[in-house]
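Colleague: Sharing a structure, written as structure tokens. Questions coming.
The values are calculated or read from the model by the stated rules, or taken from the named source; none is laboratory data. Just so it is clear, the model here is predicted, and its values are computed rather than measured. Counting neighbours? That spans all protein chains shown, and the Cβs are built from the backbone with ideal geometry, glycine included. Side chains included, ligands, DNA and RNA excluded: accessible areas come from the protein's heavy atoms. Shrake-Rupley method; radii C 1.70, N 1.55, O 1.52, S 1.80 Å.
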Amino acid sequence: MWNMKLVLRLDPMRLRRWHVHLAERIARRTDTQVSVEWSQSAAPLPPAVSILMALERLIYRLPADDITSTAGVPDFAKFQTTPGQADLVLDLTASEPPSGIKTWRLTFDGVADEKAALAALTQWRTPVVRIVDAATGATIVAGHPGTESAAVFTLALGDVLARTATLVIAALDGGLARQLEDSPEAAPLSTRAVAAFAAKSLARAIVSRLYHLCYNAPHWRTGWRFVEGADVIDLRTHPPGGWHDLPDDGSRFYADPFPFEHDGRLYLFAEDFAHALGYGVISVVEFDSKGPIGAPRPVLDTGSHLSYPFVFRHRDAIWMIPESGTAGTIDLYRAATFPDTWIKETTLISGIVASDATLFEHAGRWWMLATVRDNGGAFSDALHVWSAPDITGPWTPHRGNPVLIDIATARPAGHVVLRDGKLIRPFQDCRDGYGAALGLAQITRLDDEGFEQRVETIMRAGPLWPGRRLHTLNRAGRLECIDGSGTARRF
């Protein structure tokens, strides 16, 4: 087996535990020899950065040895210089590339300097990350990492670095360059920007604490309507008549609505999250011609959090794949007595933290999409694909996984729909926070070699769907459903 000699070029004044973990992860590849060389090429970071991160570790009780913490040259002692010329230099500095040696450079918002990543975080956004050929400027791979912790600088940086490592491994595995919808310009990093972020973060933390004292949060709500004419996929916007709310009593919320039609009757499955219980179960409510008949009732409770009840029919049975990321599995359930009794049929994939698994048939095979949290990072930015001859498997991971790293378009948001010969995929746009907006994309390529999509629509909350978030879209028969943010007072 051919062993690639890879040199990791680092700045000794900018070392983090993340660099150590990245070197170790690359070294675990059976065909790669890793060594480290040093190049001090950038100015020191503003002291305000380390001060802010130290304060956050105290305030939020963050570990002192996570991937964002500082490292030293001795931490790389085991990565001795490999004799002979390198086959590839992975340059994580801003230095000039060595002459005649293939060199890849890591950039944040187009700049080969960690400062650009830090500056983006002070603007409450994550940077676009690229690995480029230093000689030609061509993109090897690209992605837009996400974070669920934009208000905590240290956690957000950790999410970005974790997913950057994913991109490095994807590049070494021969991943294809991904086209991203946005590519913002890099912002300058200054003490003033860090201080402004810290002030805003503290103010938001105080407001959030006061809000949580008065309200149950997060609190979602489900909207429904009977379709008369075009549905949302046809309209590409909210229907003129708006939506009806599925009532809740404030002590619980209903989210991730999946309507289902059976024997001429309509049912709605949803995540049922009781704030006092602290985790979600799957509940169902039947609809008649006027709306829901009573309140949703639980039908599946495993003792750990369940959501996104992906319900579908195959052959002569009705199946469900609820999200069970906290259990580290993707599980398939079968309706023994519809809609109230569900039996676990099999575990499709284990040892995985996956969100919103979505199945559909295409080109004579079954395909499954889900976002995966791999070696840390966000829950919503890395899209993985699997395929199988039948729903029970065996499920084969796509050779390009993750096929997409993009906080704006990765996470599934409902059934993939075949419309006018096109596969239309709802997705969550989480750039402004989890479930902030809903998008529709056409899957333009799906095979063993690649996955491609074209974003066609972004929908947000507004006059016809008040609130701050828009999260899921599904339809069965005449019943169409969405969900988004809600409020529920504690008293």
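Colleague: Which order do Arg105, Arg334, Arg209, Arg313 take when ranked by solvent-accessible area (1.4 Å probe, heavy atoms of all protein chains), largest first?
Modeller: Arg209, Arg313, Arg334, Arg105
Colleague: If you don't mind, there's one more thing I want to ask. For the stretch 186-193, take each phi angle, set θ = phi - 60°, evaluate the Karplus expression 6.51 cos²θ - 1.76 cosθ + 1.60, and give the result in whole Hz per residue in order, putting x for glycine and proline.
Modeller: Here the 3J(HN,Hα) series is 5, 9, x, 9, 9, 4, 4, 5 Hz.
Colleague: Once amide H atoms are placed 1.01 Å from N in the peptide plane, what residues at a sequence separation of 5 or more from Ala437, or on another chain, have their amide H within under 5 Å of its amide H?
Modeller: Asp429, Leu470
Colleague: How big is the Kirkwood radius of the stretch 255-372, worked out from every pair of different alpha carbons and given in Å to one decimal?
Modeller: 14.7 Å
Colleague: Return the long-range amide H neighbours of Ser41 (sequence gap of 5 or more, or a different chain), with a cut-off of under 5 Å between placed amide H atoms.
Modeller: Residues meeting the criterion, in which the H sits 1.01 Å from N, are Ala94.
Colleague: I need the calculated FRET efficiency for the pair Asp173 and Arg445, taking r as the beta carbon distance and R₀ as 22 Å, to the nearest 0.05.
Modeller: FRET efficiency, Asp173 to Arg445: 0.75.
Colleague: What do you get when you divide the Cα radius of gyration of the stretch 126-178 by 2.2 N^0.38 Å, with N the number of residues?
Modeller: 1.22
Colleague: Right, another one. Please compute the length gained on full extension between Tyr279 and Leu210, using 0.36 nm multiplied by the number of residues separating them and subtracting their Cα-Cα distance.
Modeller: That pair, Tyr279 and Leu210, stretches by 22.6 nm at full extension.
Colleague: How long is the stretch 336-448 along each principal axis, judged by its Cα atoms, biggest number first, in Å?
Modeller: Each principal axis gives a Cα extent; for the stretch 336-448 these are 40, 36, 33 Å.
Colleague: Same structure, new question: Would you tally the net charge around Arg265, using a Cβ to Cβ cut-off of less than 9 Å, leaving Arg265 out, and scoring K and R as +1, D and E as -1?
Modeller: Net charge in that neighbourhood comes out at -4.
Colleague: If you don't mind, another one. Just check the stretch 1-94 against the gyration tensor rule for me: Cα atoms, a ≥ b ≥ c as the square roots of the eigenvalues, rounded for a/c under 1.5, and otherwise prolate or oblate depending on whether a/b exceeds b/c.
Modeller: Because a/c hits 1.5 or more and a/b exceeds b/c, the stretch 1-94 counts as prolate.
Colleague: Carbon-plus-sulfur fraction of the accessible area of the stretch 262-383, 1.4 Å probe, in percent?
Modeller: Accessible surface attributable to carbon and sulfur in the stretch 262-383 totals 47 percent.
Colleague: Report Asp263's accessible area, 1.4 Å probe, all protein chains in place, as a number in Å² to the nearest 10.
Modeller: Surface accessible to solvent at Asp263 totals approximately 130 Å².
Colleague: Follow-up question, since we're still on this one. Find the accessible area per residue for the chain; the probe is 1.4 Å, ligands and nucleic acids are left out, and the unit is Å².
Modeller: Accessible area per residue, the chain: 43 Å².
Colleague: Now a separate question. Over all directions, what mean area does the Cα convex hull of the stretch 400-444 project, stated in square nanometres?
Modeller: Computing the convex hull of the Cα atoms and averaging its projections yields 3.4 nm².
Colleague: Can you work out the Karplus-derived ³J(HN,Hα) for every residue in the stretch 397-404? Use 6.51 cos²θ - 1.76 cosθ + 1.60 with θ = phi - 60°, whole Hz, and x for glycine or proline.
Modeller: x, 5, 5, x, 4, x, 6, 7
Colleague: Taking H as built 1.01 Å from N, whose amide H comes closer than 5 Å to the amide H of Leu404, not counting residues under 5 places away?
Modeller: Under 5 Å from the amide H of Leu404 lie the amide H atoms of Leu383, each far enough along the sequence or on another chain.
Colleague: Could you tell me the relative contact order of the stretch 74-229? Use alpha-carbon pairs under 8 Å, at least six residues apart, and round to a whole percent.
Modeller: Taking the mean separation of contacting Cα pairs over the length of the stretch 74-229, I get 19 percent.
Colleague: What part of the accessible area of the stretch 65-129, given as a whole %, is carbon or sulfur when the probe is 1.4 angstrom?
Modeller: The C+S portion of the solvent-accessible surface of the stretch 65-129 is 52 percent.
Colleague: Quick check: residue separation of Glu185 and Asp316 times 0.36 nm, minus the Cα distance between them. What number comes out in nm?
Modeller: Gain on stretching Glu185 to Asp316: 41.8 nm.
Colleague: One quarter of the convex hull surface, Cα atoms only: what value does that give for the chain in nm²?
Modeller: 24.6 nm²
Colleague: Would you calculate, for the chain, the mean residue ellipticity at 222 nm contributed by helices, counting each DSSP H stretch of 4 or more residues as -39,500 (n - 2.57) and dividing by all residues, to the nearest 500?
Modeller: -5500 deg cm²/dmol
Colleague: With a Förster radius of 35 Å, plug the Cβ-Cβ distance of Lys200 and Ala388 into 1/(1 + (r/R0)^6) and report the FRET value to the nearest 0.05.
Modeller: 0.15
Colleague: Do you know the relative contact order of the chain, to the nearest whole percent, from alpha carbon pairs under 8 angstrom that are 6+ apart?
Modeller: Once normalised by length, the contact order is 12 percent.
Colleague: Each residue of the stretch 436-449 in order: what ³J(HN,Hα) in whole Hz does its phi give by Karplus 6.51 cos²θ - 1.76 cosθ + 1.60, θ = phi - 60°, with x for Gly and Pro?
Modeller: Residue by residue, the stretch 436-449 yields 6, 8, 10, x, 10, 10, 8, 6, 9, 8, 8, 7, 5, 9 Hz.
Colleague: Can you tell me the Rg and the Dmax, both Å, for the Cα atoms in the stretch 155-278?
Modeller: Every Cα atom of the stretch 155-278 included, Rg and Dmax give 22.0, 64 Å.
Colleague: Evaluate the Debye formula for the stretch 412-481 with equal point scatterers sitting on the alpha carbons, no solvent, and hand back log10 of I(q)/I(0) at q = 0.13, 0.17, 0.24, 0.28 Å⁻¹, in q order, two decimals.
Modeller: Rounded to two decimals, the profile gives -0.41, -0.67, -1.11, -1.27.
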